[in-house]
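A short worksheet on the structure shown next.
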Amino acid sequence: MSTKEDPIYLDYNATTPVAPEVVEAIADTLKNAWGNPSSKYDAGKKAKMVVETARKNVAEMIGAKESDIIFTSGGTEGNNLVIHSAIQYYHDNNAVNSQNTTKRRKFLPHIITSNIEHDSIALPLKHLSEKGIVEVTFVPVSKQTAAIEVEEVMKEIQPNTSLISVMLANNETGIIQPISLLGKKIRQLNYQRSQLSSSLPPILFHTDAAQALGKIPVNVDDLHVDFLTVVGHKFYGPRVGALYFNSDKDKILYPMYFGGGQERSYRPGTENVAMIAGLGKAAELIVRNLDIYQKNMTKSRDYLENKLKEAFGKLVSFNNCGKAERLPNTCSVAFTNNKIKGQDILEKTCTIQASVGAACHSNNSKQSVLIASGIPIELAESTLRLTTGRDTRDEDIDRAVSDLRKTVQNIYNL
């Protein structure tokens, strides 16, 4: 909630405030469950109980089993762990190449992803490809829908394909990707491969669900995924995360480093109990309240877009309207006058806290995802990403749009 003097926060896809219930859970854990979860005495057992309760809550949020969840430092670690695991899984299960070192080097694991992925997927894959460790195919999304086309992904599958990774929802456009359909196709192909040749290992399937959790229902069985990345600070939790992996499958997760054996040795290191408790509480809130959150965000997003239309008329267009299904909170709005630049507006506005794209880009190319999604470069450069939250009010939006209009008029005399 904001007062008249407060800035209006419209960058919930970058990060969210920590929910009061989450703050309380973290503080209570720091005070009352400070023991080492590996210790066998009461203080350790209490901390261990906190960790396992959080694991249960995270699992319930995505329709998984508790044994499918490990805790991580965040989305970047989770995504890198999936890539690392897929490479190791390929080499351990590649019967065709296992007997011949020369052939093994020739047939590198092949990974397929989209051209709109977060840097924590795109950059590791580019690095590994440059080092000659993997082959990578970046499949472009449709310029009409800004979504991946399932058949285009399937066409790129090779005998050495070990992993397909496509995000569940894009952080800039808000477009939801057809993960469930893609997962079904991969599952069918894996069955066919197993019947035709025992030498072809299954293709693993991963989705980064950072932007989707807390906004739309997410269920791992419905998505048919082997891995799913959870990022706490995107759904009113702390800056830690979790990784889902299908523990029913034989050894698909491999540790990146080694230590004291915590998290069943998949992710060793003494657990950050307080932050894990906060993540679990944030997940619990989603299980209880997702319908309300989704309705509130849809209402505020739609109100925002209507107010922008009223204030600017044909001077604005919406990059994600009328395309594929999108997140309930994400408005990607472009100014049709090519003199207007999104970054200039944000630097001059005194009211709005928003962005022109992902907050954690590794370079200055803030429009690359929009251009890849079919947005002309001149519109991409004039785009603002405005994202609403659970408690965004109509009066907040009224003040934000009013300030936007004044800013545009002052800069461009429009």
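The values are calculated or read from the model by the stated rules, or taken from the named source; none is laboratory data. On a predicted model such as this, the values are computed, not experimentally measured, just so you know. Backbone-built Cβ (ideal geometry, glycine too); neighbour counts: all protein chains shown. Quick note on the areas: whole protein, heavy atoms, side chains included, nothing else; ligands and nucleic acids left out. Shrake-Rupley method; radii C 1.70, N 1.55, O 1.52, S 1.80 Å.
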Could you please state, rounded to a whole Å, how far the C-alpha centre of region 1-65 is from the C-alpha centre of region 284-316? 26 Å
Let me check against my output: what whole-number percent is the relative contact order of region 285-360, with C-alpha pairs under 8 Å and at least 6 apart? 24 percent
Karplus (6.51, -1.76, 1.60) ³J(HN,Hα), θ = phi - 60°, over region 165-171, in Hz, Gly and Pro reported as x: 10, 9, 5, 6, 8, 7, 6
Heavy-atom surface of the chain, accessible at 1.4 Å and reported per residue (Å²): 44 Å²
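How high is the relative contact order of the chain? Use alpha-carbon pairs under 8 Å, at least six apart in sequence, and give a whole percent.
24 percent
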Given a Förster distance of 51 Å, report the FRET efficiency between residue 192 and residue 413 from their Cβ-Cβ distance, rounded to the nearest 0.05. 0.20
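Considering only protein heavy atoms and a probe of 1.4 Å, how much of the accessible area of region 1-70 is carbon and sulfur, as a whole percent? Spell out each step's value before the answer.
On the way: 2270 of 3860 Å².
Taking all protein chains in place, region 1-70 shows 59 percent carbon and sulfur surface.
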Check: the chain dipole with +1 on Lys, Arg Cβ and -1 on Asp, Glu Cβ, in debye: 560 debye
Karplus ³J(HN,Hα) for region 9-15 (6.51 cos²θ - 1.76 cosθ + 1.60, θ = phi - 60°; Hz, whole; x = Gly/Pro) runs 8, 10, 9, 5, 7, 7, 6
Aspartates and glutamates whose Cα lies under 17 Å from that of residue 323, excluding same-chain neighbours fewer than 8 positions away: 149, 172, 302, 305
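Contour minus end-to-end for residue 65 and residue 149, with contour as 0.36 nm per residue of separation and end-to-end as the Cα-Cα distance?
Numbers: separation 84, 0.36 × 84 = 30.24 nm, distance 3.01 nm.
The span from residue 65 to residue 149 would gain 27.2 nm if fully extended.
Kindly state, to the nearest 0.05, the FRET efficiency for residue 314 paired with residue 393, given R0 = 25 Å and r defined as their beta-carbon distance.
On the way: r = 28 Å, r/R0 = 1.10.
Between residue 314 and residue 393 the formula returns 0.35.
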For the chain, percent of DSSP beta bridges that are antiparallel (nearest 5) comes out at 55 percent
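What order, most packed first, do the peptides 11-20, 273-282 have when packing is the mean number of other Cβ atoms within 10 Å of each residue?
Details: 11-20: 18.5, 273-282: 26.7.
Going by the mean number of other Cβ atoms within 10 Å, highest first, we get 273-282, 11-20.
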Say each of residue 251 and residue 30 gets a label point 7 Å from the Cα, pointing the same way as Cα to Cβ; how far apart are those two points in nm? 4.1 nm
Just name one of 112, 38, 195: the one whose Cα is farthest towards the positive end of the charge dipole of the chain (beta-carbon charges, Lys/Arg +1, Asp/Glu -1). 195
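A 20 angstrom limit on the alpha carbon distance is what I want to check against. Which of 65/251; 40/281; 299/341; 234/295; 48/281; 185/234 exceed it? Mind dumping the intermediate values first?
On the way: 65/251 16 Å; 40/281 25 Å; 299/341 27 Å; 234/295 17 Å; 48/281 15 Å; 185/234 29 Å.
Exceeds cut-off: 40/281; 299/341; 185/234.
With a cut-off of 8 Å between alpha carbons and a minimum separation of six or more residues, what is the relative contact order of region 162-257 in percent?
Values: 136 pairs, mean separation 23.8, N = 96.
Rounded, it is 25 percent for region 162-257.
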Give the residue from 262, 276, 290 lying farthest towards the positive end of the charge dipole for region 186-336; charges sit on Cβ (+1 for Lys and Arg, -1 for Asp and Glu) and the dipole is referred to the Cα centre. 290
Per-residue [θ]222 nm for the chain (sum of -39500 (n - 2.57) over DSSP H runs n ≥ 4, rounded to 500): -13500 deg cm²/dmol
5 Å is the cut-off here: which amide hydrogens, built 1.01 Å from N in the peptide plane, fall below it relative to residue 326, excluding neighbours closer than 5 in sequence? 176
Going highest first, how would you order 27-34, 258-265, 65-72, 202-209 by mean Cβ packing within 10 Å? 202-209, 65-72, 27-34, 258-265
Calculated from the structure, mean projected area of the Cα convex hull in nm² equals which of (i) 26.8; (ii) 24.7; (iii) 21.0? (iii)
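Using a 1.4 Å probe and counting only protein heavy atoms, arrange 325, 156, 130, 395 so the residue with the most accessible area comes first.
Ranked list, largest accessible area first: 130, 325, 395, 156.
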By how many nm would the segment from residue 80 to residue 378 lengthen if fully extended, with 0.36 nm per residue of separation less the alpha-carbon distance? 103.9 nm
